[in-house]
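Enquirer: Here's a structure for you.
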């Protein structure tokens, strides 16, 4: 099957391709952008490359089924995703105020997707196509696959599988699972045949777990409601399940959610094939207004997946995993060469990276089934973690030498602790691939808070800062570090925030990238927030009310330049 310029979104577009029906329907809370950074487009292209017919419905109205039904009933199944963000995070700020914009919507307008979009879309699909298997996927489904604390309702919610009544949930990066689902349903309409696919969750019981398979039993939803401390136990257990590659089970009243073993990451050959698919990197031509995320991502290149950092507040490890999977150098060079041939090319690659910019080519020599570390990098870099920052420098230089490429920048988060391990990488990053400002994420100045975040000690950031300033001077460049900082993290007090504000004041820095902690579903930090304990079970101070959270944030954002109080 030849690959269409865009996957069909209407019957007319289907007919133009000569399709009378589709095999798979994908519904998303994002606008349809044919770019590999958009999960629905990526999975749709992946399935089409394997010979399946896929249609997309983007940001459908949720008070009727008309939009959902416009491509007709799919032959095999429908997939639903809230989009690139959890829908509640997309809609509300850290202080539960309604956001006024949405970068994944035409014109940046808010309100194009519903709250709890995965649940709403699943319900629409069930109404529109009775008996059709419905599969949840994407970041919202991954983060809410088990019982979880929901900040916006200030309550413990059960697995999204129960509330959505979906037949299956895909967690993590879904290429393997979605292809397996499609193939199985092509041979049988029975949704029960989907049980056991790696990287999925379903409603079942202990009998659905293969005999002899390792299985982690999470505290039940009811047990967590009775004792909030058990959410941290459950979250750490699910994190361990991702690391060790076992099954897991969590009881919800008289039912159970079964989590299969995680899907194996795509290897370099598979990633290369995936990113070589004919993405236009453009928004669907039906849109009259620009989509802000397109401009942010259009000239960016994903070099790898996964993050070994394991930061307690980050959802990436829950979704992409800790194991690094990197594309080949040839694949990345080919993508940049294709970008440089586009008519509107301006000569600049805005980013080459992934969850952490300098982990391309990294690998772990330890056996993941026996490793018990929550992070490869903290409290110190594990000796089994092997990076290839020298190879990364060679890759970046090769990209810069391509025809029509003027600049190559690194914009995704650099792990400064890892960068210190390679002075040559830091020198090249500073002198060649930083465009005046380098964004880093020290997050805080208190080692006590940083330990709770699973971030390196603040002295590590200060060492990197000194080296960056030295290398900038040596390169004859006036450059600055823009630090990402966080307030109101579990365990953080007003005194911690005043200490951070004091450090900034001493350097003459006014914070530009400051974020109040948002308890995103599924993360370790959110469990600490809900339970009020640290990783060792000790009670910690939690800025729980909006008043407390706003006060801490204002110490950071408005207290700059004020005299330090005792």
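The values are calculated or read from the model by the stated rules, or taken from the named source; none is laboratory data. These numbers come from a predicted model, not from an experiment. Cβ: placed from backbone, ideal geometry, glycine included. Neighbour counts: every protein chain shown.
Enquirer: Looking only at region 451-461, which residues are surrounded by fewer than 23 Cβ atoms within 10 Å (Cβ to Cβ) and under 17 Å from residue 374 (Cβ atoms)?
Expert: Answer for region 451-461, where residues must be surrounded by fewer than 23 Cβ atoms within 10 Å (Cβ to Cβ) and under 17 Å from residue 374 (Cβ atoms): 451, 452, 454, 457.
Enquirer: Can you find a residue that is assigned by TED's automatic domain parsing to the domain that holds residue 340 and in a helix (DSSP H, G or I) anywhere in region 366-387?
Expert: Looking for residues that are assigned by TED's automatic domain parsing to the domain that holds residue 340 and in a helix (DSSP H, G or I), one finds none in region 366-387, hence no.
Enquirer: Do we find that residue 55 is on the phi < 0 side of the Ramachandran plot, surrounded by 19 or more Cβ atoms within 10 Å (Cβ to Cβ) and within 20 Å of the chain's Cα centre (by Cα) in this structure?
Expert: Values: on the phi < 0 side of the Ramachandran plot: yes; surrounded by 19 or more Cβ atoms within 10 Å (Cβ to Cβ): yes; within 20 Å of the chain's Cα centre (by Cα): no.
Considered against the rule, which asks whether it is on the phi < 0 side of the Ramachandran plot, surrounded by 19 or more Cβ atoms within 10 Å (Cβ to Cβ) and within 20 Å of the chain's Cα centre (by Cα), residue 55 comes out as no.
Enquirer: Show the residue pairs meeting these rules: Cβ distance below 6 Å; 6+ apart or different chains; first residue within region 394-416 and within 30 Å of residue 457 (Cα to Cα); second residue part of a loop (DSSP other than H, G, I, E, B) and at pLDDT below 95.
Expert: Once the first residue is within 30 Å of residue 457 (Cα to Cα) and sits in region 394-416, its partners that are part of a loop (DSSP other than H, G, I, E, B) and at pLDDT below 95 give 409/350; 409/435; 411/350; 413/356; 415/356.
Enquirer: Sort through 285, 262, 219 and tell me the only one that's more than 26 Å from residue 165 (Cβ to Cβ) and either touching a residue at least 40 places away in the same chain (Cβ under 8 Å) or out of contact with any strand residue (DSSP E or B) (no Cβ under 6 Å at 6 or more places or on another chain) (or both).
Expert: On the way: 262 fails: more than 26 Å from residue 165 (Cβ to Cβ); 219 fails: more than 26 Å from residue 165 (Cβ to Cβ).
Exactly one of 285, 262, 219 is more than 26 Å from residue 165 (Cβ to Cβ) and either touching a residue at least 40 places away in the same chain (Cβ under 8 Å) or out of contact with any strand residue (DSSP E or B) (no Cβ under 6 Å at 6 or more places or on another chain) (or both), namely 285.
Enquirer: Return only the number of the condition from (1) modelled with pLDDT of 95 or more; (2) within 26 Å of the chain's Cα centre (by Cα); (3) under 17 Å from residue 469 (Cα atoms) that residue 389 does not satisfy.
Expert: Among (1) modelled with pLDDT of 95 or more; (2) within 26 Å of the chain's Cα centre (by Cα); (3) under 17 Å from residue 469 (Cα atoms), residue 389 violates only (3).
Enquirer: Applying the selection to region 93-106, what residues are under 24 Å from residue 38 (Cβ atoms) and surrounded by 15 or more Cβ atoms within 10 Å (Cβ to Cβ)?
Expert: 102, 103, 104, 105, 106
Enquirer: Of the residues 248, 253, 186, 237, only one is crowded, with 16+ Cβ neighbours inside 10 Å and in contact (Cβ under 8 Å) with a residue 24 or more places away in the chain; which?
Expert: 248 is the lone residue from the list that is crowded, with 16+ Cβ neighbours inside 10 Å and in contact (Cβ under 8 Å) with a residue 24 or more places away in the chain.
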